[in-house]
Structure formats: C-alpha cells, structure tokens
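Visitor: Take this structure, written in structure tokens, and hold onto it; I'll ask about it next.
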Amino acid sequence: MGKGEGGVSETGSLFGPAIGNLHGQYNFQSIAIALVVMKKLHHQSKWDESIALCVVFAGAVFGQLLFGYVGDWLGRNKAMFLTNLFCVVGALGSALLAWGEGSTLYAWIAIWRFILGMGVGGVYPLSAISAAEHSGSADPLARRTRVSWAFFWQVPGSTLPFFVAFVLAKLFPENHELQWRLTLGLGAIPAAIVMFHSMGQKESTEFQAAKQEVSFLGALRKREYWGKLIGTGGGWFCYDIVHYGPYLIAPVIIADIFNTEGQEDSVSTIAWQTSFANMIGVPGVLTCIFLYKYMGTKNQQWIGFLFISLSFFLMGGLYDTIGDIPLFVLFCVMTFGINSGPSVTTFVLPSETFPAEVRSTFNGLSAAMGKTGATIITFLDYWLMNWYGIRANLYLYGVIGILGAIITLFFVEDIDSDRLKGRSKVAEEKSINKAAKHTEYV
C-alpha cells in the first residue's frame, strides 16, 4: 500500500463523530429560532438579523482551516478537544454574556457566534476523518458508509433546536428571555460531551503510520492536490449555497403553502413547520447511503446536483401558478433532493480523496470553501428575495446546482469505476448463464 494508506485501524466508536455532527447542526441552526423569540423583546433590524445568521458560517471557515491543519499537526483527538472547547465557549457566551439593547446585544451575539462557528467548523473535517480512519477497513465502500452514518446525525441536529424552542415555549410561555438564552446555551452540553470523549481516544494506526511534519503552506504547495481540491471544495461551495439558501427562505414558502403569511410569528408554529421540513431530509440521507453500492460517490454527486437544479427550476417556474398541494409536493421533492446525493457526498469525498498525512488539512480546506458559500448566501438571501422576489432565489440555486454538477464531472476522481464495472460484468455473466440454462430446456 502507498504512503498514508497502510495500517488499517481497529474499528472505533462512532459516538464522537455522530454527536459532533448532531451538535454542529444544532449550533448552526439554533440562532434562527432564537431570533424569532428575541423579536418579542429586542428591536431587530434586517442588518442585525443578517449578521447574526451569517457570522457563524464565517467563523466556521476559519475553524475549518485552523483545526483541519491542527488535526494533521497535533493529532485528530487533540484537535477534536480544542475545536469542541471553542463550541462550548461560544455557545455559553451567546447565552450568558450577551447583554445590552438593540444593535449592542446583537453585536455581542455575533462575537460569540463567530467563536462558536470556529469550533463547529473544526468538527466537520475531524468527525469525517475519525469515522473513516477508525472504520477497521481499507474498503472505500465500508469507509464512506461509516462516514455517512456519522453525517446522518446532522439531520436530527438541525431539527433539535426547533424542538427545544417548542418545549421551552410551553414550559416558560412568558419568559422569552430565558427561552432564547437556553436555546443558544444548551448547544454547549453535547459539545462538552464530545470534548471529554476525545480525551480517552487513541489515534488511528493509519494516522500514526502516515504522520509527518507538513506545514499548512507546505501542504498547499503540493500541486497534485489542487485539482482534487477544486472537486471536493468547489462542489461543497456549490452545495452549501443550495442547502443553506433554501432553508432560510423555507419559512416564506411554508407560509405561502399554509396561508399563514401576515400572521404573528408563533414559536410553536414555526418550530413544528421547520421541524417537518428538516425531517424530510432523513429519507434523503438514507437513500444516498443505500445507493453507494450501485452508484458510488461521484455519480451520486453530479446526478444529485442535476436533480436539485431541476427541482429549483420547477419550483421557480410554477411558484405562483399551481395550487397549494402541488406546491407542497414540489417543496417535499426539493427538500428530499437537497438532503440526498451531494448533501452526504460532499462531506464524504475529502476523507476518501486525500492521503492520511494531509487528509485533515485538505478536508478542512474543502469544508471552508463550503462554508464560504454558506456565508455568502446567508447574508445575501433575504436581500435578493426582497429586491427580485423568491423566484430569483430559486433560479439562482438551480444555476449553482448545474455548476456543482460540472465541477464534479471534471474534477472529482471516480474511485468506484472499476468496482462498478466489475459488478456490471458479474451481473451480465449471471444473465448470460441464466439465458443459456433456459435454452437447454427449450
């Protein structure tokens, strides 16, 4: 085996990567429902809202670059401890140390959310690598399936803050201050669990065999990885735009479907509607895991991007011309597409594309490119919708999806082609033998 590929590790627990992904999405999404509650107490301009929403992704870009490199430098577990420490500090700071009125309050929240974002950003590459390197197998299919199951917990994680807000609204209906602070602060608990869990973990045999002193700039100078980075990072950039953009305008679409536009924002109503939309993602992720055996990673990604684009173009073209039920069906199809294919494969690809000695660094770079896309679209989304209408958003996502498919086709290495050809050949031979056996009795 080549450098960085030998030394298969013993199978390790998925607990750390799974809970890391769960709390990562919780901490990303919790601000959305917290802002709804805060409106009842504190004046909130569009500028305050946009900054509060996008700053966590900006922090994630820095965290992915920093802790991705630290993962190769100090080791996966030490880096996991440090990145989750940032999560704990950022979540608790958002809940306990954000004070003042108006823009002052939101500025403090933005500062703490940036720190939180740095921590969550580091969880992305480190959880994927940990799941892959502790798979106990060198088989790409087994490794990517394990990484995908770690990723799966992002879907419940994205739903959990809305469930928490729903429960808090029922327990403390008059105490809105407590509601939003607890919603933000509770994200520190699972982060602390992962932080302490990482202290007792051993580094993988694969990482120990491949470890070498490679500086961040030294890794970037390796030109053989540049094209691969365009594939893994460029695809992730496109995906995060078509993922986080629609989730921000989803409440507007849902309001149109359920005819709740103009009604007073209810935490309970928004919580159950958003939770429902998020949970449509569960069959999307499971479908992707199931199709690995038949399509591989690259094929799922480019076909998935085209499926997402088609759903956006249909949604944009038919938005004001069809009834609520067909529109709801289209929304479900769109949400399913967003959570299948590229949703999982962009997370998996870096861990199976780069060798162990630079895997964490380039996984972090790929994820940082993704969260750059999330930062841009999170900041621009509401302004784009207000200036040109919701159809403009949907058409933009469709174009970005096509770009993602093109990048995948030209820059992502197809490591499954031989396996899939072999599978096809076996199926063909079985078919020929079956036909031959049939002719014996004719």
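None of the figures in this text is laboratory data; all of them are computed from the coordinates on show. For clarity, every value in this text was computed on a predicted model and none was experimentally measured. For neighbour counting, all protein chains shown are included, and Cβ atoms are generated from backbone atoms with ideal geometry for every residue, glycine included.
Visitor: Within the chain, what's the longest run with no GluC sites (Glu not before Pro) in a DSSP loop and at most 11 other beta-carbon atoms within 10 Å? Give the range, please.
Guide: It works out to 265-439.
Visitor: List, in order, the whole-Hz ³J(HN,Hα) value for each residue of region 91-98 obtained from phi through the Karplus relation with A = 6.51, B = -1.76, C = 1.60 and θ = phi - 60°; use x for Gly and Pro.
Guide: After applying 6.51 cos²θ - 1.76 cosθ + 1.60, I find 5, 5, x, 4, 8, 10, 10, 10 Hz.
Visitor: Which one, 208, 99, 380, is farthest towards the positive end of the dipole of region 18-411 when Lys and Arg carry +1 and Asp and Glu -1 on their Cβ?
Guide: Positive-most Cα among the choices belongs to 208.
Visitor: If you don't mind, there's one more thing I want to ask. Just check the chain against the gyration tensor rule for me: Cα atoms, a ≥ b ≥ c as the square roots of the eigenvalues, rounded for a/c under 1.5, and otherwise prolate or oblate depending on whether a/b exceeds b/c.
Guide: Here the chain falls in the oblate category.
Visitor: Next question. With charges only on Cβ, +1 for K and R and -1 for D and E, what is the dipole size of region 18-411 about its Cα centre, in debye, rounded to 20?
Guide: In debye, rounded to 20, region 18-411 gives about 960.
Visitor: Here's another thing I want to ask about it. Using the alpha-carbon atoms, what tilt in degrees (0 to 90, nearest 10) does helix 342-353 show relative to the longest principal axis of the chain?
Guide: Approximately 50 degrees, to the nearest ten.
Visitor: Measure up 39/371; 78/170; 78/222; 78/298; 46/228 against 29 Å on the Cα-Cα distance and list the ones that go over.
Guide: With Cα atoms farther than 29 Å apart: 78/170; 78/298; 46/228.
Visitor: Within 10 Å of each candidate Cβ there may be at most 14 other Cβ atoms; applying that plus a DSSP loop requirement, which trypsin sites (Lys or Arg not before Pro) in region 312-401 survive?
Guide: Taking region 312-401 and a limit of 14 other Cβ atoms within 10 Å, no loop trypsin sites (Lys or Arg not before Pro) are found.
Visitor: Separate question: What's the angle, to the nearest 10 degrees (0 to 90), between helix 46-73's Cα axis and the longest principal axis of the chain?
Guide: 40
Visitor: To test your reading of the geometry: what angle, between 0 and 90 degrees and rounded to tens, separates the Cα axis of helix 281-318 from the longest principal axis of the chain?
Guide: With both axes taken from Cα atoms, the answer is about 50 degrees.
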